[in-house]
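Here the structure comes first, spelled out in structure tokens, and everything after it is commentary.
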Amino acid sequence: MSETEIQIVLLSLRVAGMAILVALPLAFAVAWLFARHDFPGKSFAQALVMLPLVVPPVVTGYGLLVLFGTQGPIGGPLREWLGFTFAFRWTGAALAAGVMAFPLLVRPIRLSLEAIDPSLSEMARTLGVGRLRRFLTITLPLGLPGLIAGGILGFAKALGEFGATITFVSNVPGETQTLSLAIYSLLQSPQGDAAALRLIGFSVVLALGAVIVSELVQRRLGAGAAGR
Amino acid sequence: MSEMLHVDIVVRQGAFETECRFDAEAGVTALFGPSGAGKTTALRAIAGLVPGASGTIRLGERILLDSARGIGVPAEKRRVGFVFQEGRLLPHLTVASNLTYGRHGGRGPTDEALRHMAGFLGIGHLLDRKPRTLSGGERQRVAIGRALLSDPALLLMDEPLASLDPARRAELLPMIERVRDETDIPIVFVSHNVGEVARLAETLVVMDGGRTLAAGPALDIFPRFETDAALGQGEAGALVEGKVTAIDSQFGIATVDLGGEALELTQGGFSVGQIVRLRILAGDVSLAVGDAGAMEGLSIRNRLVTTIAAIAPDRTGPYAELLLGLGQVRLRARVTRKSLFEMGLHEGQRVTAMIKAVSVERRR
């Protein structure tokens, strides 16, 4: 692997990793809200969360640009008060990847939370177990398979994100040029085919690796839950 | 130190109301009634698991619910252990971790307490297993142990034996009796099984259609007419206790003192001085008036002189139900309404109760 290739792969991992790290707890909270609570406007909220999955990525990227751009209603104050900006930065790429992956995180977590027998929480209350310990001993461990499945799926999606990223933070080598964007750039140049093919190989290996890790973890958890 | 439990609540769930009122001490209180009577709703309200409960619940000095004063202690702070019908073990934890899961005392139970409880319930060999590998009876033992190890001030059991086959049930019943005998906390037990209630209950609360029909000492409440609907067709009768005074080994007969009268039992294995609890079905008691009760040439030997305390007001079916008094002891009899009419039976009359069968519910 050349130095540039290593740098592209590492950047992609950093962007996707950061995206999932931040999005996963949020997705868990949203999934828990959807799985265990009814509130006015729930259907609308559910549709909103699913939106990045169904609208063209370019539209999502443009939306991010409007909201989080340096003049945007969120991006503006961020820059003014904290001196923080997403524009043309790897953090912006992570934001785009996280938003695009979000629906894929929420769904499996929600399914596994819905599968938890609500009577277990009732049982725990009669044993004097408070809210936090109920969460740590029931909701979290029994929701873990969904958390892992969602995390891996979302990570793979974040790794391959293209449309929203290039629209929001452009294609800056070393900063926002992840694997997908680099492959795209190489394919645009006349002699780029071979180099592109190598990067395509790396991305396939990364994605396969993620899926295999997820399988191993799930099997381990399954064996743990089954006991012996 | 045992604490009194006082319950006086109304639970509103949609259009349905459940009223439950009783006082209980240490020992087993049975909430008894047909399904749909509101027993489980009342039990869950005592645990603090149902919204919409109003009234008062007191455990010793502690107020768990006083809706008039806006007090409603949340379930996790009530120190009330609950054994659910289906066990409800945590599937991802071992038996040992399930047993030590409770936290009423702030910290979990000690290893010492865990070992003692596992030995007591006969589940010491299962500690490393996961719940899914356990049988129904084993799961229920773990659930009972878990509730007890959480150090509750009150134990609630919602038909803990209902999901078990008769053999497992027969194994677990003595275990619940041992829990009753070795702890000094009140135990409230929901059941629609006459045998369980007759054997376990010190206090009996009869419920039907969301209302409490009668509540008090089991021996007083069991023979009441209000209890009949809960007992079901053919099970109406009396629950009595008496001391074994003599054993006739030649004929295999034990004599029990019942309100000053002698009752002969043919079941073996008694010893003099034992207190036995007996169930006598109304249908197994015939009545004789005047000299007929002392007549010779009758094979029935158990003839107790009693007084008619009450005759059930319902005068429609072919049978009449009677409550008989013998000192503090209450018996039940069923005669045809035609006999009632022809014999001229009335309240306050002395009659001889001729008892054809007695079942032994417990001995101690």
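Some values worked out for this structure:
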read-out: Residues in the range B:73-97 that, when all protein chains are in place, have 50 Å² or more less accessible area than the chain alone would give (probe 1.4 Å); value: B:Glu76, B:Arg88, B:His92
read-out: Average projected area [Cα convex hull, the protein assembly as shown], square nanometres; value: 38.2
read-out: In order through the range A:51-63: 3J(HN,Hα) via Karplus (6.51 cos²θ - 1.76 cosθ + 1.60), integer Hz, x for Gly, Pro; value: 3, x, 6, 10, 7, x, x, 4, 5, 4, x, 5, x
read-out: Heavy-atom accessible surface that A and B bury in contact, both chains counted, 1.4 Å, Å² to 100; value: 2000
read-out: Percent breakdown of C-alpha pair distances by 5 Å bin, ordered from the shortest bin, for the range A:104-184; value: 3, 14, 17, 13, 11, 10, 9, 8, 7, 5, 3, 1
read-out: Residue with peak Gaussian network fluctuation, chain B [Cα springs, cutoff 10 Å], from B:Thr183, B:Thr255, B:Thr336; value: B:Thr336
read-out: The range A:70-132: equivalent-ellipsoid semi-axes (sqrt of 5 x gyration tensor eigenvalues, Cα, Å); value: 40, 17, 8
read-out: Distance histogram for chain B (every C-alpha pair counted, 20 angstrom bins, percent rounded to whole numbers); value: 27, 51, 21, 2
read-out: Sequence-distant aspartates and glutamates (8 or more away, or on other chains) whose Cα lies within less than 18 Å of B:Lys77; value: A:Glu122, B:Glu3, B:Glu61, B:Asp66, B:Asp151
read-out: Carbon + sulfur, % of accessible area of the protein assembly as shown - ligands and nucleic acids excluded, 1.4 Å; value: 58
read-out: For B:Gly210, distant residues with modelled amide H under 5 Å away; value: B:Gly38
read-out: Cα shape, chain A, gyration tensor, a/c 1.5 rule; value: oblate
read-out: Zero-based 5 Å bins, Cα pair distances in the range B:182-273, whole percents; value: 2, 12, 19, 17, 15, 14, 12, 5, 2, 1, 0
read-out: Solvent-accessible area lost in complex, 30 Å² minimum, residues of the range A:103-127 relative to chain alone, 1.4 Å; value: A:Ser119, A:Leu120, A:Glu122, A:Met123, A:Arg125, A:Thr126, A:Leu127
read-out: GluC sites (Glu not before Pro) restricted to DSSP loop in the range B:48-126 with at most 10 other C-beta within 10 Å; value: B:Glu61
read-out: Average silhouette area of the range B:242-305, convex hull of alpha-carbon atoms, in square nanometres; value: 5.0
read-out: Using distinct alpha-carbon pairs, which all enter the 1/r mean, Kirkwood radius of the range B:1-83 in Å; value: 13.1
read-out: Share of pairwise Cα separations in the range B:107-222, more than 21 Å, in percent; value: 42
read-out: Convex hull volume per residue in cubic angstrom - Cα atoms of the range B:269-364; value: 124
read-out: Accessible area per residue, Å², the range B:145-266 with all protein chains present, probe 1.4 Å; value: 37
read-out: For the range B:46-172, alpha-carbon Rg relative to the globular expectation (2.2 N^0.38 Å, N residues); value: 1.14
read-out: Whichever aspartates and glutamates have a C-alpha closer than 18 Å to that of B:Lys130, once near sequence neighbours (fewer than 8 apart) are set aside; value: A:Asp117, B:Glu86, B:Glu138
read-out: Cα gyration tensor category, rounded, prolate or oblate, for the range B:161-235 with a/c compared to 1.5; value: oblate
read-out: Acute angle (nearest 10 degrees) that the helix A:3-36 long axis makes with the longest principal axis of chain A, alpha-carbon atoms; value: 30
read-out: Within straight-line cross-link reach of B:Lys243, aspartates and glutamates at Cα separation under 13 Å, skipping those fewer than 8 residues along the same chain; value: B:Asp257, B:Glu261, B:Glu264
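The values are calculated or read from the model by the stated rules, or taken from the named source; none is laboratory data. This one's a predicted model, so the numbers in the text were calculated from it and none came from an experiment. Virtual Cβ from ideal backbone geometry, glycine too; neighbours counted across all protein chains shown. SASA here: full protein model, heavy atoms, side chains in, ligands and nucleic acids out. Shrake-Rupley method; radii C 1.70, N 1.55, O 1.52, S 1.80 Å.
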